[in-house]
1. Could you give the dipole magnitude of the chain about its Cα centre, charging the beta-carbon of Lys and Arg +1 and that of Asp and Glu -1, in debye to the nearest 20?
2. With everything on Cα atoms, drop me the angle between helix 4-17 and the longest principal axis of the chain, reported from 0 to 90° to the nearest 10.
3. Under 25 Å between alpha carbons: how many lysine pairs meet that in the chain, if sequence neighbours fewer than 8 apart on the same chain are excluded?
4. Report the residues of the range 83-107 in range of a label on A76: point 7 Å along Cα→C-beta, backbone N strictly under 14 Å from it.
5. Quick one: angle between helix 45-54 and the longest Cα principal axis of the chain, in degrees between 0 and 90, rounded to 10, please.
6. How much accessible surface does K56 have with a 1.4 Å probe, in Å² rounded to 10?
7. Over the chain, with the other protein chains present, what is the accessible area per residue in square angstrom, probe 1.4 angstrom?
8. Could you work out how far apart the two model spin labels at E10 and R62 are, taking each label as a point 7 Å from the Cα in the direction of the beta carbon, and quote it in nm?
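The values are calculated or read from the model by the stated rules, or taken from the named source; none is laboratory data. The structure presented is a predicted model; accordingly, all values stated were derived computationally and were not measured. Glycine gets a Cβ as well: all are built from the backbone with ideal geometry, and neighbour counts include every protein chain shown. Side chains are part of the model used for accessible areas, which takes the heavy atoms of the whole protein and leaves out ligands, DNA and RNA. Shrake-Rupley method; radii C 1.70, N 1.55, O 1.52, S 1.80 Å.
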Amino acid sequence: MKSDFQNFLESFNHAFAAHDISSIANGLAEDIVWRMVGEKEIKGKEEVISFLENMKSDTTYRLTIDTVITHGTTAAVNGVIEGTSPSGNVTAYEFCDIYKMNKHKGGKIKELTSFVIEKKDE
């Protein structure tokens, strides 16, 4: 049986794949820090929302979550997100996100570290 925390993380990731900014925003602490390893760091809920709004595209995404691990206020989620452009081009990215919440039960995401690597054809 999944915990509330695991269900929250799965829903959060599915909202991300669906570009559901409202649902994403509901899960973020005001002082969130999002580190995209090798890329950039975004600080604050408003800046994260602005970044996500600028990512909007016509690409549709399919998310596969492989593992959700939780312990206290810390969690990790890994899987694959596959995007299909309107022209039919498909790109896939393997990811691992590390989460830190601002409190144990019913908390919001205060830190998110994302490792994302493009999946190459085999």
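1. 420
2. Its long axis makes an angle of about 30 degrees.
3. 29
4. 95-100
5. Taking the Cα atoms of the chain, the angle to 45-54 is about 10 degrees.
6. Surface accessible to solvent at K56 totals approximately 130 Å².
7. The answer is 63 Å² per residue.
8. Result for the modelled spin labels: 1.9 nm.
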